[in-house]
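The values are calculated or read from the model by the stated rules, or taken from the named source; none is laboratory data. The structure presented is a predicted model; accordingly, all values stated were derived computationally and were not measured. Ideal geometry is used to build each Cβ from the backbone, glycine not excepted, and the neighbour counts take in all protein chains shown.
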Amino acid sequence: MAAQKIAGRYEILHEIGKGGMGTVFAGHDTVENRPCAIKVLREEASFHPDAKPRFEREAQAPARIGHPGLVEVYDAFIDDDGRMILVMELLEGESFKQLQQRGASLQQQLAVVMAALEPLAAAHAAGFVHRDMKPANIFLAVDESGGARVKLLDFGVARDLASGQLTQTGVIVGSTHYISPEQAHSARTVEPTADVFSIGVVLYEAASGKLPFADESPLKTLTNLASGKYPPLDTVAPRAPRDLVALVHECLAFHPVARPRDAAVLRDRLAPLLTGTLPSVRAPSGDVSPSAEAEGSKVRSRPGVSGSGADLLAPMEQADAPPRARGIMIIAMVKALKKAMADGLHIELSDQERGWLDQYVLLSGWYAWKHFDWLIHRVHEHLMGGTDAGARNMGRWTAEQNLTGIHASFVYPGDVRRTLRSLPNMWSRYFDFGEVEIEQGQDGEVTIRVTGYDFVPPVHEQMLVGWTLGAVTMAGGEVKAYETTEAPSKGDRELVVRMRITNL
């Protein structure tokens with residue numbers, strides 16, 4: 001039986017695999033007399049509003065990036081039936097995911113990641129963000145000499161930073177286990193740091209065999225991702241090299257600015273840790289081609305990773321119970337206090353307190369309240385004058401330090417009401433106790449009520465007032481008057497602050 005032929009020249013031999021957007025076949029180009037892979041988008045996928053831009057990106061990206069570590073595209077066209085078709089080089093070998101499943105060593109896996117960072121760095125330099133870096137999209141192909149060469153697959157979901165093309169609002173782009181927090185929120189404006197985060201997940205998995213944010217359902221996985229909760233690598237892989245642990249934690253920082261800025265920087269940071277070489281490639285029977293293992297955004301739970309419990313507690317110490325504060329609330333204070341001490345400020349510190357100052361702090365990590373409380377009091381006493389006004393100034397300063405980058409999404413310049421409505425989300429992002437309620441009345445009157453807050457010291461009450469003042473000011477509002485009508489320091493169960501704000 002004669003093979004089916006497309007466009008008068010491409011023979012379809014057999015199916016290789018199916019992905020979320022289409023099917024990949026092994027084929028033969030009868031004009032050039034060479035093997036090829038033929039990717040045919042599903043008919044229903046062609047009607048998706050992002051289908052054509054994705055098709056064009058996947059067709060054009062390799063040529064625009066110009067790196068041999070990308071799959072070469074031979075041809076791209078829409079046939080008479082309206083199907084979008086890509087003709088690419090046919091690869092033989094196995095995916096990084098398959099290599100992991102057959103038990104590659106950590107150093108072999110690091111060598112694969114290192115090789116994958118080369119084409120990814122070229123993509124970043126050319127203005128592309130891949131947005132779906134994962135083991136299934138890293139391919140070990142057999143080269144002419146029988147050795148291995150690494151190829152990146154599936155640039156269809158890549159973002160061209162210069163094109164102005166945007167992903168459809170509300171659609172999660174990428175694979176849930178590997179995407180960054182900002183990409184889960186919106187893939188429209190992600191930078192190379194999103195790919196760095198994904199590589200951080202790949203490295204975490206290479207060292208531990210586990211996925212950092214995995215849980216029993218996609219929703220719980222995304223919840224862990226959004227909160228930054230994950231077991232520190234050194235707790236699940238105690239034998240992992242210390243420098244690798246630190247680099248992985250840096251890649252997984254919640255704030256994109258805290259990560260290595262692109263693949264080139266990450267490659268240079270990873271290079272000193274590499275002692276192994278690329279492993280031999282097992283070419284399975286049949287052909288393996290680009291995107292043959294595409295999984296879209298399917299989620300599979302990983303054994304041994306819990307979505308709650310002690311394994312998700314603070315990197316600094318395993319607290320038995322709340323309350324806790326997020327690392328981002330701690331870092332600015334640690335830096336300010338250490339700078340003041342370097343400039344001559346003398347503070348008597350116990351060994352434990354000095355350990356707190358010297359500890360590597362994760363932006364998205366959870367830390368015991370006593371650590372945060374200790375920092376508040378030291379900064380308040382030594383840097384802010386020890387007064388109520390000083391505590392409020394500390395709150396303003398902390399807001400200005402923290403409400404930047406991805407956290408700037410909590411502040412809406414020119415829209416004070418919307419900024420106030422985001423205060424509960426701010427609170428839950430930074431603390432794992434208490435709740436915030438906002439009541440907006442007439443004539444610019446606003447009531448802020450914090451429950452579950454009865455154990456905190458007065459300095460934190462004033463700091464919270466200052467934080468709110470800072471957020472309002474950043475949104476363009478002006479607080480004409482404010483009053484703390486209830487407070488735990490007065491014997492109340494709640495903290496209630498009333499404000500009168502102009503431009504509301």
Are there any pairs with C-beta distances below 7 angstrom linking a residue in the range 43-70 that is under 15 Å from residue 129 (Cα atoms) to a residue that is modelled with pLDDT under 70 and surrounded by fewer than 18 Cβ atoms within 10 Å (Cβ to Cβ), with the two at least 6 apart or on different chains, and if so which? 53/165
Candidate set from the range 328-362 (those that are in a loop (DSSP other than H, G, I, E, B) and hydrophobic (A, V, I, L, M, F, W, C)); member that is modelled with the lowest pLDDT: 362
By my count, helices (runs of 4 or more DSSP H) wholly in the range 168-274 with at least 3 residues that are modelled with pLDDT of 90 or more are 192-208, 233-236, 242-251, 263-270
Inside the range 115-154, can you point out the residues that are in a loop (DSSP other than H, G, I, E, B) and within 21 Å of residue 261 (Cα to Cα)? 126, 127, 130, 131, 132, 133, 134
Across the range 373-421, what is the total count of residues that are hydroxyl-bearing (Ser, Thr, Tyr) and closer than 21 Å to residue 483 by Cβ? 2
Find the residue count for the range 64-83, including only residues that are at pLDDT below 85 and either in contact with a Lys or Arg (Cβ under 8 Å, 6 or more places away or on another chain) or part of a loop (DSSP other than H, G, I, E, B) (or both). 6
Which condition from (1) over 14 Å from residue 332 (Cα atoms); (2) at pLDDT below 85; (3) more than 27 Å from the chain's Cα centre (by Cα) is the one that residue 389 breaks? (2)
Residues of the range 396-411 being at pLDDT below 85 and not hydrophobic (A, V, I, L, M, F, W, C), in sequence order, are 398, 400, 401, 402, 404, 405, 407, 409
Go through the range 490-504 and give me each residue that's of a type outside the set (A, V, I, L, M) and either crowded, with 16+ Cβ neighbours inside 10 Å or more than 16 Å from residue 464 (Cβ to Cβ) (or both). 491, 494, 498, 500, 502, 503
